[in-house]
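Every read-out reported here was derived from the displayed coordinates using simple, explicitly stated rules and does not represent laboratory data. Keep in mind that this is a model prediction, so the values were computed, not measured. Neighbour counts run over all protein chains shown; Cβ positions are idealised from the backbone, glycine included.
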């Protein structure tokens with residue numbers, strides 16, 4: 001059964017940095033685009049970033065561009081999210097998920113079909 | 001949230017409930033809709049993709065539809081294990097990214 005497992009969450013002071021990792025098991029992540037989605041306590045889901053299967057294309061919401069960066073290492077079957085200059089409103093559970101294709105084709109293939117269990121990020125001094 | 005969902009919905013076992021998701025021409029009006037189920041304390045799970053396609057292993061009690069700038073998720077034969085949060089999602093051309101509804105908490 002394909003599974004994703006996030007790691008790297010923790011407590012970080014405002015202005016600090018954190019790097020999250022998403023590891024795949026039971027399948028090769030290299031064939032798929034991968035996304036990060038976060039969920040603040042008691043709130044809805046919020047898209048954070050996406051990277052294509054090759055790593056050649058990356059995309060972020062306008063308000064996170066510049067602070068968040070997504071990377072992948074297909075030899076290790078992992079996708080990382082580097083978060084810099086963290087603020088209190090970045091506190092959330094961060095989930096990684098895979099898309100059904102190698103890219104986010106907006107006429108199809110927009111769904112996230114396998115999700116990790118999430119890793120919690122707390123921003124506090 | 002860019003997509004609007006009712007914060008709560010409820011029904012009794014065996015009943016049918018429908019959850020709505022309202023958007024605009026820049027998202028639902030021109031893109032396919034996905035639905036996710038999030039049971040208490042767990043990660044989201046893909047339920048419906050491309051408006052009305054059930055994900056692998058999803059019960060046929062769940063169905064999705066879309067009309068214009070709105071979408072709906074219907075759950076028939078409600079069961080207690082259906083209790084949880086249901087969120088709609090799609091791509092928004094104006095924001096150039098995925099957008100989610102705020103989620104609807106279903107109580108059975």
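On the basis of being within 12 Å of the chain's Cα centre (by Cα) and either more than 14 Å from every other protein chain (Cβ to nearest Cβ) or within 28 Å of residue B:54 (Cα to Cα) (or both), does residue A:51 make the cut?
In short, yes.
Only residues that are more than 10 Å from residue B:34 (Cα to Cα), in contact (Cβ under 8 Å) with a residue 12 or more places away in the chain and in a strand (DSSP E or B): list them for region B:73-108, please. Working first, answer last.
Taking region B:73-108 and keeping what is more than 10 Å from residue B:34 (Cα to Cα), we get B:74-86, B:92-99, B:101-108.
With the extra rule that they be in contact (Cβ under 8 Å) with a residue 12 or more places away in the chain, the set shrinks to B:74-86, B:92-95, B:99, B:101-108.
Matches in region B:73-108: B:74, B:75, B:84, B:85, B:86, B:92, B:99, B:101, B:104, B:105, B:106, B:107.
Which of the residues belonging to region A:20-44 are part of a helix (DSSP H, G or I) and exposed (fewer than 15 other Cβ atoms within 10 Å of the Cβ)?
A:31
How many residues are under 19 Å from residue A:123 (Cα atoms) and part of a loop (DSSP other than H, G, I, E, B) when one looks only at region A:45-69?
Selection size over region A:45-69: 4.
Just one of the numbered conditions (1) away from every other protein chain (no Cβ under 14 Å); (2) within 30 Å of residue A:41 (Cβ to Cβ) is not true of residue B:14; which one?
With respect to (1) away from every other protein chain (no Cβ under 14 Å); (2) within 30 Å of residue A:41 (Cβ to Cβ), residue B:14 is out only on (2).
Among the residues of region B:9-21 satisfying the criterion of being within 12 Å of the chain's Cα centre (by Cα) and surrounded by fewer than 18 Cβ atoms within 10 Å (Cβ to Cβ), which is nearest to residue B:60 (Cα to Cα)?
Looking at the filtered set, the residue picked out is B:18.
Residues that are more than 12 Å from residue B:87 (Cβ to Cβ) and touching a residue at least 60 places away in the same chain (Cβ under 8 Å), at least 1 per element: which strands (runs of 3 or more DSSP E) completely within region B:1-67 meet that?
B:8-10, B:17-22
Could you tell me how many of the residues in region A:91-108 are touching a residue at least 40 places away in the same chain (Cβ under 8 Å) and not in a strand (DSSP E or B)?
6
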